[in-house]
Amino acid sequence: MNIVNDIMKLKRARDAVILAHNYQRPEIQDIADFVGDSLGLSIQASGTDAEVIVFCGVHFMAETAKILSPRKTVLLPDMDAGCPMADMITADQLRELKTHHPDATVVCYVNTTAEVKAESDICCTSANAVSIVTDLKKANREILFVPDMYLGDFVAREADCDLITWRGFCPSHARVLPDDILIQQGLHPRARVLAHPECTPEVRKLADRVMSTEGMCWLVHEMKEDEFIVATEVGILHRMGKENPGKKFYPASELAVCPNMKRITLEKLHWALEGMHNEITVSRETIARAKKSIQRMLVYRS
Ligand code: 13P
Ligand code: SF4
């Protein structure tokens, strides 16, 4: 049995498209129709002609695909592939926060549940958060930013405004320490440092550029430099290496692994497609409300 060939056959039989996040295992990235960041994957999910979307990523990403394409069948090969940061704020907690700031605009990171998106005015990803907040600040209203305090801190600085941020964070990015960057710089003095905005402010300070995963993939291709220290989840190094054979990429920390992203395997992908298992469902009411905040975000392509 060749599992890759079998997945390809099933994909055709089911009229499915395989979407994979940049942090997925190499063999999943290699089999996917599209590999990208949260924004790129949302755009693909909203525009696909396929009947079935197999989402190789974490739960909130598959849920976002379902909200954008409610008539499609969306499968997540492992339902336990969650995002601890997304679980750091519930819709009840957001409703409570809103009672203290009744006139505020609520911006939610895409790393949130559908119910939290439904309570928000506009969604954002790490690729478009700065543009969105830069526009919102013109209205001169308070802005609540949930749930990532580190992305919130980055956006507040870039957009030069105050944000009321929730105290969530990504446990995988928080594992990257300033010392890790300094050690890698000692080993690779010519390398440029790229960091994801989910990293701590101390790590970001040491970076040459702070960007979303897709921004990083684009930048390493465009830049003439050929060595990079990458401060984000290690799965991205597979794509970077594949797309830039002459360049060298070093993980800032080998510990920056998202165990949830790694739950998706070829076996689980095969199982989900064969039996049409693990279908994502979102109530009609939540779809209607959450869709507004996601569609507002999709106007901002970067
Ligand atoms: P990107 O949108 O930059 O791919 O990030 C998603 C994510 O979950 C980062 O931890
Ligand atoms: Fe969530 Fe962090 Fe994993 Fe991204 S890397 S999915 S933010 S836990």
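The values are calculated or read from the model by the stated rules, or taken from the named source; none is laboratory data. Quick caveat, the model's predicted, so the values are computed rather than measured. As a convention, Cβ positions derive from the backbone with ideal geometry for all residues, glycine included, and neighbour counts pool all protein chains shown.
Listing for the model above:
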| quantity | calculated |
| --- | --- |
| Identity of the residue in region 140-171, under 19 Å from ALA114 (Cβ atoms) and under 19 Å from the mean Cα position of the chain (by Cα), that ends up surrounded by the fewest Cβ atoms within 10 Å (Cβ to Cβ) | GLY168 |
| Residues of region 240-264 satisfying the condition of being more than 14 Å from ALA191 (Cβ to Cβ) and out of contact with any Ser or Thr (no Cβ under 9 Å at 6 or more places or on another chain) | GLY241, LYS242, GLU243, PRO245, GLY246, SER253, GLU254, LYS262, ARG263, ILE264 |
| Cβ-Cβ under 8 Å pairs, at least 6 apart or on other chains, region 108-129 side closer than 9 Å to ALA91 by Cα, far side part of a strand (DSSP E or B) and within 16 Å of ligand 2 (Cβ to nearest atom) | VAL116/CYS108; VAL116/VAL146; LYS117/CYS108; LYS117/CYS123; GLU119/CYS108 |
| Region 70-96, residues that are among the β-branched types (Val, Ile, Thr) and within 16 Å of ligand 1 (Cβ to nearest atom) | ILE89 |
| PHE60 in a strand (DSSP E or B), surrounded by 20 or more Cβ atoms within 10 Å (Cβ to Cβ) and either within 16 Å of ligand 1 (Cβ to nearest atom) or on the phi > 0 side of the Ramachandran plot (or both) | no |
| Number of the exception - GLU233 against (1) over 30 Å from ASN5 (Cα atoms); (2) under 15 Å from the mean Cα position of the chain (by Cα) | (1) |
| Scan of region 75-98 for residues that are of a type outside the set (Val, Ile, Thr) and in a loop (DSSP other than H, G, I, E, B), ordered by number | LEU76, PRO77, ASP78, MET79, ASP80, ALA81, GLY82, CYS83, PRO84, MET85 |
| All helices (runs of 4 or more DSSP H) inside region 172-278 with 3 or more residues being within 16 Å of ligand 1 (Cβ to nearest atom) | 213-222, 236-243 |
| Of the criteria (1) touching a residue at least 60 places away in the same chain (Cβ under 8 Å); (2) surrounded by 22 or more Cβ atoms within 10 Å (Cβ to Cβ), which one LEU97 fails | (2) |
| Criterion: assigned to a helix (DSSP H, G or I), touching a helix residue (DSSP H, G or I) at 6+ places or on another chain (Cβ under 9 Å) and at pLDDT 95 or above - qualifying residue of ILE53, ILE18, ILE43, ILE7 | ILE7 |
| Any hit, region 248-255, residues being touching a residue at least 12 places away in the same chain (Cβ under 8 Å), in contact with an Asp or Glu (Cβ under 7 Å, 6 or more places away or on another chain) and more than 30 Å from ILE181 (Cα to Cα) | no |
| The one condition in (1) touching a Ser or Thr at 6+ places or on another chain (Cβ under 7 Å); (2) modelled with pLDDT of 95 or more; (3) of a type in the set (S, T, N, Q) that THR73 fails to fulfil | (1) |
| Residue satisfying all of: in region 79-103; of a type outside the set (Ser, Thr, Tyr) and in contact with a Ser or Thr (Cβ under 8 Å, 6 or more places away or on another chain); nearest to ligand 2 (Cβ to nearest atom) among these | ALA86 |
